[in-house]
Amino acid sequence: MPQPMLAGQRLIAVFLAGLLLFYSPVIAVFDRPMFWFGIPAVYLYLFAAWAALIALMGWIVERRRE
């Protein structure tokens, strides 16, 4: 399979993972009065999920250039 096509499929997979990560019932799991390192769990989850998606997209795009 050509590399650009594979990269496109991976980006679509990351998009679908993002839809799942930011789906309301998944976020509701973390929307409790819990704190991790002094930060509310829901905020930490949202930031970590967002950062992970950006890192994955960057890794896929950079890998495509090689």
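By how many degrees, 0 to 90 and rounded to 10, does the Cα axis of helix 41-65 deviate from the longest principal axis of the chain?
It is inclined by approximately 10 degrees.
If you take every residue apart from Val42 with its C-beta less than 15 Å away from the C-beta of Val42, what net charge results, scoring Lys and Arg +1 and Asp and Glu -1? Don't skip to the answer; put the middle values down first.
Working: positive: Arg32; negative: Asp31.
Net charge in that neighbourhood comes out at 0.
Starting from the Cα gyration tensor of the chain, multiply each eigenvalue by 5, take the square root, and state the resulting semi-axes largest first in whole Å.
Values for the chain, descending: 31, 13, 5 Å.
Given charges of +1 on the Cβ of Lys and Arg and -1 on the Cβ of Asp and Glu, with all other atoms neutral, how large is the dipole of the chain about its Cα centre, in debye to the nearest 20? Let's see the in-between values first.
Numbers: 5 positive and 3 negative charges, 28 e Å.
It comes to approximately 140 debye.
Would you mind telling me the share, in percent, of accessible area of the chain contributed by carbon and sulfur at probe 1.4 angstrom?
73
Solvent-accessible area per residue for the chain at a 1.4 Å probe radius, Å²?
77
The values are calculated or read from the model by the stated rules, or taken from the named source; none is laboratory data. Note that the structure is a prediction, hence the values are computed from the model and not measured. Quick reminder, even Gly has a Cβ in these numbers, built from the backbone with ideal geometry, and neighbours come from all protein chains shown. We work out accessible area using only protein heavy atoms, side chains counted, and drop any ligands, DNA or RNA first. Shrake-Rupley method; radii C 1.70, N 1.55, O 1.52, S 1.80 Å.
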